[in-house]
Number of protein chains: 2
Amino acid sequence: MWLRAFLEVARQGSFTVAARTLGWTQSAVSRQISSLEGALGGGPLFDRLPRGVRLTEAGRVLVPYAEGVAEALQGAGRELAALREVAGGRLRFGAFATADAALVPHALAAFRARHPGVEVTREEGFTPGLLDRLTAGHLDLAVVSTTGGARLEAYELHHLLDESLYVAVPGGHVLAGGGPVRLGRLADADWISGSPRPEGTLLEVALRQGFRPRVAHVVGEWTAKQGYVAAGLGVTLVPALAAESVRPDVVLLPVLDEGAPARAVYAATVRGRSSAPAVEAFVGALREAVGRIPHASPHTPPHPSPPTSRTMA
Amino acid sequence: MWLRAFLEVARQGSFTVAARTLGWTQSAVSRQISSLEGALGGGPLFDRLPRGVRLTEAGRVLVPYAEGVAEALQGAGRELAALREVAGGRLRFGAFATADAALVPHALAAFRARHPGVEVTREEGFTPGLLDRLTAGHLDLAVVSTTGGARLEAYELHHLLDESLYVAVPGGHVLAGGGPVRLGRLADADWISGSPRPEGTLLEVALRQGFRPRVAHVVGEWTAKQGYVAAGLGVTLVPALAAESVRPDVVLLPVLDEGAPARAVYAATVRGRSSAPAVEAFVGALREAVGRIPHASPHTPPHPSPPTSRTMA
DNA sequence: GGCTGCCATGCCGAACTCGCATCCGTCAGT
DNA sequence: ACTGACGGATGCGAGTTCGGCATGGCAGCC
């Protein structure tokens, strides 16, 4: 193209030498320069001397601009390459709170170690809000769960794990120290939950077990919930992802679930929207993190999660 | 070209609208973007949505670079246009000392008023040195004279004027107050000259008149010469261009020359080297200045100078 | 369900690009 | 002064690209 021809000729002071350097023929260079001069319409860019050529004033004026163009082009190439190799660009993701307990920190640590050039920004939120921000283009990726009744079908879902559930009971509880329990045995218990109604929360599983739990205290924050449980004010459900960060005076009992697991966790992207390589890499990091965290906490055998990516149709 | 297509699509968010804006067809835009994406090899630059398109991360990265390229291109166009219209660029010229007395200042004033955007640099020197610097590419234009025996043939010459000569005599000189004189009447006078030998100087004309002038004092600087003349130490030749700046106690007598004028003054450029429009404009300003200065000083009728440009072959 | 808006693509003619060979002007060495 | 070498310009021909036209496919909307 004319840009390389011009700059090379300006550097070399000769069409022939420039052609050799570029791996072209002399005639190609001659034509490129000639057509460039024609296109600019401002007279010749080089004076043709018996010994090679020499920049005219117009050519001298053009040089810095041509260099600027070449630099920008080269810079674009570099940055796009960095993007391909996940050494640049940005990654904006969101996750629900309990995923931030262990899953996301592990994945993030591994990702940042492997791809220090990527600018990562993180958000916390509930699944429906995260999906909205995904759709609006404010997020590239969202770690979401099936809890909350959000319409996941519209998104590209990368399955991360199926979470088992625990019941958190105070240290002195009658069931403490025992093994896995059926949820039905807690039908009469006081429950601590983030919402007065079980629908759309983890407590939904209770409905499937045939009872409607009595929500004695509405507490949203996880630490606060533990406090209420430890004080003997009630019991609560704990997803496996949060099992790691439980205080010692609260006992976790695995819930025996017949059939389907309590909830699935996905990395979601907008369907049909191409995702940057960093997104793929982060999904990979999330997958690895799944294997690393003890989501099979004390008392239960590890819960295997299929490594395959799945798109809900 | 791909640049305009990409930027316009990025701005408009639609191939079709961008095509309308550019005066192209939608298919042309589609192909341009498609081939650009292929060339960059880093995946699509736009996500194709049902409602137009949307930049991907790669596209978003590319935008500033593309804008940089477009800006540089546009800037180059602007500056080249300025160069064409003599509203930019630079002009480096040199002139011999007596041309700087009136001719060059007048021309320079007119030129700078008309073309304030041009950066002008000036040098002073003797004709041979100026021509060397012209050849070396340090000057774009040189105001030179035939005095000095320089090889003018190799240069592109724009004739400015043919200079008449004056003899400067002290106020009380016997010839003072008389009219034009023949040089032969001063064959026995003491001469003040810049060189002990008349060859290559204005005094060369004396040789053509059949006598070898006796150089009593070698004085180079014009003001100093006048001092020597005023003090009665001798007489000296004064070119018409310097006639304006003579002190009142020195009298100028027009020299009667039979045949050829004493010397010609040219604006010289390097032959075959394309000259910037500013050079042409400055030559024009010099021509106008020739008409404006009283190179026909007291005592002589104006000496017409042909306005045609001439190349010595 | 038909309609509309938007992008992709097969096809074709026009234009461009490049390499090859050759020509022209200048310079250097004999 | 003649000749060979060097450097750029140019006619020619083949391969490629480019742009327009028409069409197809897909999603959303009345």
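Criterion first (surrounded by fewer than 17 Cβ atoms within 10 Å (Cβ to Cβ) and within 34 Å of the chain's Cα centre (by Cα)) does A:ARG90 satisfy it? Criteria met by A:ARG90. I'd like the residue in region A:138-148 that is touching a residue at least 60 places away in the same chain (Cβ under 8 Å) and outside any strand (DSSP E or B) and, out of all such residues, is farthest from A:PRO277 (Cα to Cα). Restricting to residues being touching a residue at least 60 places away in the same chain (Cβ under 8 Å) and outside any strand (DSSP E or B), the top hit is A:THR147.
Which members of region B:93-137 meet the condition of being within 13 Å of another protein chain (Cβ to nearest Cβ), open to solvent by 50 Å² or more (accessible area, probe 1.4 Å) and more than 12 Å from the chain's Cα centre (by Cα)? B:THR135, B:ALA136, listed by residue number.
Which one of the conditions (1) hydroxyl-bearing (Ser, Thr, Tyr); (2) assigned by TED's automatic domain parsing to the domain that holds B:ALA278; (3) in a loop (DSSP other than H, G, I, E, B) does B:THR135 fail to meet, given that it meets all the rest? (3) is the only condition that B:THR135 fails.
Only residues that are surrounded by fewer than 17 Cβ atoms within 10 Å (Cβ to Cβ) and either outside the structural domain of A:VAL69 (by TED's automatic domain parsing) or within 11 Å of DNA strand D (Cβ to nearest atom) (or both) were counted across region A:4-16, and they come to 2. From the list B:ARG182, B:ARG214, B:ARG208, B:ARG122, the lone residue that is among the basic types (Lys, Arg) and closer than 28 Å to B:ARG271 by Cα is B:ARG122.
Scanning region A:205-215 for residues that are modelled with pLDDT of 90 or more, surrounded by fewer than 16 Cβ atoms within 10 Å (Cβ to Cβ) and out of contact with any helix residue (DSSP H, G or I) (no Cβ under 8 Å at 6 or more places or on another chain) gives a single hit, A:ARG214.
In region A:24-49, the residues that are under 15 Å from A:ALA10 (Cβ atoms) reach residues that are open to solvent by 30 Å² or more (accessible area, probe 1.4 Å) and among the basic types (Lys, Arg) with C-beta atoms within less than 7 angstrom, at least six apart or across chains, in these pairs: A:PHE46/A:ARG54; A:ASP47/A:ARG54; A:ASP47/B:ARG273.
If you take the residues of region A:42-87 that are facing chain B (nearest Cβ under 8 Å) and part of a loop (DSSP other than H, G, I, E, B), which of them is nearest to the chain's Cα centre (by Cα)? Ranking the qualifying residues of region A:42-87, first place goes to A:GLY42. Would you confirm whether or not region A:19-35 contains a residue that is more than 8 Å from DNA strand C (Cβ to nearest atom), open to solvent by 40 Å² or more (accessible area, probe 1.4 Å) and over 21 Å from B:GLY272 (Cβ atoms)? Yes: region A:19-35 contains one or more residues that are more than 8 Å from DNA strand C (Cβ to nearest atom), open to solvent by 40 Å² or more (accessible area, probe 1.4 Å) and over 21 Å from B:GLY272 (Cβ atoms).
Mind checking which residues of region B:18-38 are near DNA strand D (Cβ under 9 Å from one of its atoms) and among the hydrophobic types (A, V, I, L, M, F, W, C)? Selection gives B:ALA19, B:LEU22, B:TRP24, B:ALA28, B:VAL29.
The values are calculated or read from the model by the stated rules, or taken from the named source; none is laboratory data. Owing to the predicted nature of the structure, the values given are computational and were not obtained by experimental measurement. Cβ atoms come from the backbone with ideal geometry, glycine included; neighbour counts cover every protein chain shown. Accessible surface is based on the protein model in full, side chains and every heavy atom, while ligands, DNA and RNA are left aside. Shrake-Rupley method; radii C 1.70, N 1.55, O 1.52, S 1.80 Å.
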